[in-house]
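*Asks:* Shown below is the structure under consideration.
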Amino acid sequence: LAALSHELTPIAFEVLLSLAEGPQHGYGIKLDIEARTAGEISLGSGTLYQAIQRLEKAALIAGARPSGERHDPRRGRSYRLLPAGRAALHDHLRRLARALEYARARKILPARP
Amino acid sequence: MRPFGERLFSLLLRLYPREFRDAYRDDLLAFFRQDRRHVKYGTGPLRPVRFWFATIRDLGQAARERRRGRPAAGARHAPSSRPWFGRVQADLRDGWRSLWSAPSVTLSAFVILALGIGASTAIFSVVDAVALRGLPFDDAHRLLAIAETIVPDGRPITVAPQNYAAWRERQNVFESMGASAGGGRYTTVDLPAEALWSVRVTASLFDVLRVSPEIGRAFRAADQTPGAPGVAVLSHALWRRRFHASPDILGRRVALEIGTDPAVRSDWEIVGVMPEGFTYPIGSGLAGAVDIWMPVVPRPQDLVRDQGRTYNLSVVGRLRRGETLERADAQMRVIHASLATQYPDWFADRGILVRRLQDAVVGTRVRDWMLFLLGAVGFVLLIACLNVANLLLARATARAREVAVRSALGARRWDLSRALLVESLMLAMLGAIGGILLAFWAVTVLRATLPENLPRLAMVAVDFRVLGVTALASIATGVGFGMLPALHVGRADVAGTLRQSGRSHTSGSGKLRTTLVGVEIASAVVLLTGAALFLASFIRVMRVDLGLDPRHVMAVSLAPAIISSADLAPSAPSSARTEVVSAQTLTMAALERAKAVPGVTAISALTLGLPLSGNSLTASVVAPGRVEPFTGEDELWLHGVGAGYLDVVRGRLLGGRWIADSDTSGSPPVVVLSEDAVRRYFGSREPIGQTIQIEGFARMVVGVVGNMRLAGPERPIQPEGYIPYLQTDQKNADLVFRTGPDPAQVLPGLLAAIRAVVPKAAAGSAETIERHFGRIVAQRKFNMVVLVLFGVVAIVIAAVGIYGLMAHLVAQRTREIGVRIALGAAPARILEMVLRRATFLLSTGLAAGLLAAGALERFVRSFLFEAAPHDPRIYAAVAAALLVVGLAAAAGPARRAARVDPLVALRTD
């Protein structure tokens, strides 16, 4: 039930997923999401950074300090996943996997070709 | 300095809450910079458009997102239980949100509305200032102008002083009656020389207008008695300009002269200064405001009826309270009739006309013209409204599902319609703001383009009155284009819409949209036809052979001229003759100096009317073998010119010789006639060597020149005669010259040369003849420019409408098209199918538009120059232009339809 307190919006989920493999700056997150979803989700700056703000407030991710070692002013701050974020991502993925399994079993979704 | 795009973006960031903005500004900017290079925005000129659309849409969505935290308005209460103020607030908020949610629709609607409202505001500000606004006098509607008319055509002219006196005595419908006499031009004796516009007025005039001097006194009856000391009242502007608004101006004298001759000088005692802004007569032509008023002093022959008739007064009366225009008109007719039986030879060819002063100032021609402009811009506004209605309707149908859900959940029809109406009103207000900004700019352009002699041109401005009307018009516009979609939504079939899959639209909306676009096309056709008619008319005017070349010709006036037919021959008494000779010697000396100025290729003295100025003097002619003089239409239009004149205007010598330097007051009197004068006076006989009588003075015809249209391209060819300047009794002259380079470059040197001889030369004017020409064609040019502009706007908006509709139809039928292609239809067939639909729409709109244009043509016929009624070439050109543009607009959607991938099409939904 603890996981439910970090109910993720679709965009927040995509952002966490992008950071799972390692820290990224804002625009990198956007490109990663675009590539993964074949352009279906293409975030603008406002939408993306509002999601980032919410995730930061919930202490799921953290931005590097501007003076920090990985900072590149041309690309903006880079963000990394915090342990709570990784846990929330895992919870969410588990739920999705369960739902997927269920859907396949009941033939709601065609089985993988 | 950061690039413009980034500055704009950081400005837009202000839409976010401060906390968010502060925390992420640098990141957002970095994102922005990187995103500009993203491949998804494509290439070509539309790349920035796509980029900014995406950026702004994101901004709108994100800004909306922020507010989701708060409870949405009305979420807690049913709409009807909200107090009305809160409801309005909520409506506005919902409307704003909805406008933001589809920025591309909102942006197009905004641009179209701003164009429509801007054009209407600008045109209305002109029409209002020129024709609609009341005169700036107390109770101005009680001021009537009373004029005599010329019997055959009823044209109003000025009034004879004797008749004015009789009217004043016999009438009792007016509480007061006054008159003014035509303007004269004086030159100040004190340097710097300045030409002043003066008007003579009766002592009663300022009473009639209910205006009294700011300081000093108005004229008294005693000022009008012959022999009384000369007194004058100054305009506020002249008082400030020349006397530094000195309070002890009263009692000072101002010395004025007419002509180059210091002997013709007069002294005037200043007795008053009129209030700021006062001028009379209003709209007195090119000179604008009057500088100085003097009393009308009747000459001895003005008091009796047996010494010839002079018509020189413009009469204005103030109606008694309770009297009407009709009563005044009836009484003046009775007085006129009784005067006519008393003095039959004074009134055989004269009628009387009583009308409001305002109508006299504006004139029916100008008023009709103004109403016509208003009508034309009305079409532009109509098209803009139809288009925006169309856009909103498209969006409303796209949201049909949402609306259906809301009404299924219990929203009342009124709530749904109101939401749409509020949205359109907000859009109209946005459009009005954009339009007003546009109008401020357009008005400055219009003011510079309008004919200079348009009455009250200087008053044209976007002021509160205009803004008020714009605001009202915008509300009407908003309701107008919001009503259709709102009614349509009200009628929506809830169950049907919910049953349909998400992508479909109700067919009713498709029909309504098709009709709207059809009407739009028809209106565009009407405007395009107007544009073509005016363009063709203007081209015809410009193609008229003037017989002279106005380019690079300029005139410098040596002194204001007063023209009288007594000066046509050197026959004045000897003392006056000496004055003439000294003045003419001075003119010739100035001419000799000017000839040597570099850049001057030809130069001549000229009296009696600059080419294309419309001024001239006509004289009766007796030809050999005839006793009866040629008069009326056949009178000779006379010009006193020098040897260089033919080269200055580049006229054509057809036979005999032109005036030579040797034609002086001592040599035999000669005249050169135009082709048309020869035709009238000599028929097919040989004119050269013959002698004719001009105003009783014999002159030998020595040459024939080609016709010149000295009064402009639209006036009939007149019989013209040219006599040597030195063989007239004209004291004053203009120097008219042709220059190699631009006359403006030559002018300073030329003026210096002339002023060495005549210090006050060109105090009034130094003008190019081309400018006179421009003034003559200014109204046509203005109409042409405005109509062509409107036509272009109309066809662009209509093309946008066609594009939108075809895109909508294609999108709606994607599935069907997919099925057809899957079943083997060739893409060419699909293309043809869509284009056929567009062609049907275009030709229906075109047919309706052409019919309407044909019916409306008679209203503009009087503004056209030599237009054949229903010229088929015009209509064919309009039809062709519309079909080309319309099909081009439909081509995009048609190509998209032909490229539909059946697999994709069938998978959607």
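*Asks:* Using r as the Cβ-Cβ distance of residue A:103 and residue A:7, and R0 as 25 Å, what FRET efficiency do you calculate, to the nearest 0.05?
*Replies:* Values: r = 20 Å, r/R0 = 0.81.
Computed FRET efficiency for residue A:103 and residue A:7 comes out at 0.80.
*Asks:* Quick check: net charge around residue B:336, other residues with Cβ under 11 Å of its Cβ, Lys/Arg +1 and Asp/Glu -1? Spell out each step's value before the answer.
*Replies:* Working: positive: B:170, B:333, B:350; negative: B:148, B:329.
Net charge around residue B:336: +1.
*Asks:* Kirkwood hydrodynamic radius, the stretch B:655-760, all distinct C-alpha pairs: what's the number in Å? Kindly include the intermediate steps, with their values, before the conclusion.
*Replies:* Values: mean 1/r = 0.0618 Å⁻¹.
16.2 Å is the Kirkwood radius here.
*Asks:* Right, something else. Among B:790, B:369, B:32, whose Cα sits farthest toward the positive end of the charge dipole of the protein assembly as shown (+1 at Cβ of Lys/Arg, -1 at Cβ of Asp/Glu, about the Cα centre)?
*Replies:* B:32
*Asks:* Measure nothing fancy, just the Cα-based angle from helix B:47-67's long axis to the longest principal axis of chain B, in degrees from 0 to 90, nearest 10.
*Replies:* Helix B:47-67 sits at roughly 60 degrees to that axis.
*Asks:* When you look at the Cβ of every residue in B:29-41, what mean number of other chain Cβ atoms sits within 10 Å? It would help to have the intermediate numbers written out before the result.
*Replies:* Working: counts 3, 10, 13, 4, 4, 10, 7, 0, 1, 5, 0, 3, 0.
Partner-chain Cβ atoms within 10 Å, mean over residues of B:29-41: 5.
*Asks:* So what is the calculated 222 nm ellipticity per residue for the protein assembly as shown, using -39500 (n - 2.57) for each DSSP H run with n of 4 or more, over all residues, to the nearest 500 deg cm²/dmol? Mind dumping the intermediate values first?
*Replies:* On the way: 30 runs with 518 residues, N = 1022.
Helix contribution divided over all residues of the protein assembly as shown: -17000 deg cm²/dmol.
*Asks:* Given labels modelled 7 Å from the Cα in the Cβ direction, how far is it in nm from residue B:884 to residue B:320?
*Replies:* 6.9 nm
*Asks:* Largest first and in whole Å, what are the equivalent-ellipsoid semi-axes of chain B based on the Cα gyration tensor, each being the root of 5 times an eigenvalue? Please report the intermediate quantities before stating the final value.
*Replies:* Details: eigenvalues 885, 231, 163 Å².
They are 67, 34, 29 Å, listed largest first.
*Asks:* Accessible area, 1.4 Å probe, largest first: how do A:30, B:40 sort?
*Replies:* Working: A:30 0, B:40 90 Å².
Correct descending sequence by accessible area is B:40, A:30.
*Asks:* For the protein assembly as shown, with all protein chains present and a 1.4 Å probe, just round the carbon and sulfur fraction of the accessible area to a whole percent. Walk me through the numbers on the way to the answer.
*Replies:* On the way: 28550 of 47970 Å².
Answer for the protein assembly as shown is 60 percent, counting heavy atoms of protein chains only.
*Asks:* Output the peptides B:243-252, B:741-750 sorted from most to least packed, where packing is the average of other Cβ atoms within 10 Å over each peptide's residues. Don't jump to the answer; show the numbers that get you there.
*Replies:* Working: B:243-252: 12.0, B:741-750: 16.5.
Final packing ranking: B:741-750, B:243-252.
*Asks:* If you don't mind, there's one more thing I want to ask. When the scattering of the stretch B:693-749 is computed by the Debye formula from its Cα atoms alone, each counted once and equally, what is log10 I(q)/I(0) at q = 0.13, 0.17, 0.27 Å⁻¹?
*Replies:* -0.60, -0.92, -1.14
*Asks:* While we're here: Could you give the angle, 0 to 90 degrees to the nearest 10, between helix B:413-449's Cα long axis and the longest principal axis of the Cα atoms of chain B?
*Replies:* Approximately 30 degrees, to the nearest ten.
*Asks:* Please work out the average accessible area per residue across the protein assembly as shown, using the 1.4 Å probe convention, and give it in Å².
*Replies:* Working: 47970 Å² over 1022 residues.
For the protein assembly as shown, the solvent-accessible area averages 47 Å² per residue.
*Asks:* Between the DSSP loop rule and a limit of at most 12 other Cβ atoms within 10 Å, which trypsin sites (Lys or Arg not before Pro) in the stretch B:667-745 are left? Each step should come with its number before you reach the end.
*Replies:* Working: sites: B:679, B:680, B:685, B:699, B:709, B:731, B:738; in loops: B:685, B:709, B:731.
Answer in residue order: B:685.
*Asks:* Determine the gain in length on full extension of the stretch residue B:752-residue B:212; use 0.36 nm per residue of separation and subtract their C-alpha separation, reporting nm with one decimal. Spell out each step's value before the answer.
*Replies:* Details: separation 540, 0.36 × 540 = 194.40 nm, distance 4.26 nm.
Roughly 190.1 nm would be gained on extension.
*Asks:* Could you order the peptides B:634-640, A:18-24, B:157-163 from most to least packed, using the average number of other C-beta atoms within 10 Å per residue?
*Replies:* Values: B:634-640: 22.6, A:18-24: 15.7, B:157-163: 19.9.
Ranked by mean Cβ neighbours within 10 Å, highest first: B:634-640, B:157-163, A:18-24.
*Asks:* From the residues B:307, B:382, B:416, which one has its Cα farthest along the dipole of the protein assembly as shown in the positive direction, the dipole being from +1 and -1 charges on Cβ of Lys/Arg and Asp/Glu about the Cα centre?
*Replies:* Sorting the options by dipole projection puts first B:416.
*Asks:* In addition: Report the charge-dipole magnitude of chain B in Debye, nearest 20, computed about the Cα centre from +1 at each Lys and Arg Cβ and -1 at each Asp and Glu Cβ. Walk me through the numbers before you get to the answer.
*Replies:* Numbers: 104 positive and 75 negative charges, 1177 e Å.
Roughly 5660 debye for chain B.
*Asks:* Semi-axes of the protein assembly as shown's equivalent ellipsoid from the Cα gyration tensor, sqrt of 5 times each eigenvalue, largest first, rounded to whole Å? Before the final figure, lay out each step's value.
*Replies:* Details: eigenvalues 1155, 212, 193 Å².
Gyration-tensor ellipsoid for the protein assembly as shown: 76, 33, 31 Å.
*Asks:* Shape of the stretch B:288-366 from its Cα gyration tensor (a ≥ b ≥ c, root eigenvalues): rounded if a/c is under 1.5, otherwise prolate when a/b > b/c, or oblate? Could you put the intermediate results ahead of the total?
*Replies:* Working: a/c = 1.80, a/b = 1.10, b/c = 1.63.
Oblate.
*Asks:* On a 0 to 90 degree scale, rounded to 10, what angle separates helix B:743-755 from the longest Cα axis of chain B?
*Replies:* Approximately 30 degrees, to the nearest 10.
The values are calculated or read from the model by the stated rules, or taken from the named source; none is laboratory data. Please read all numbers here as calculations on a predicted model, not as lab measurements. Neighbour counts run over all protein chains shown; Cβ positions are idealised from the backbone, glycine included. These area figures cover heavy atoms from the full protein model, side chains too; ligands, DNA and RNA do not enter into them. Shrake-Rupley method; radii C 1.70, N 1.55, O 1.52, S 1.80 Å.
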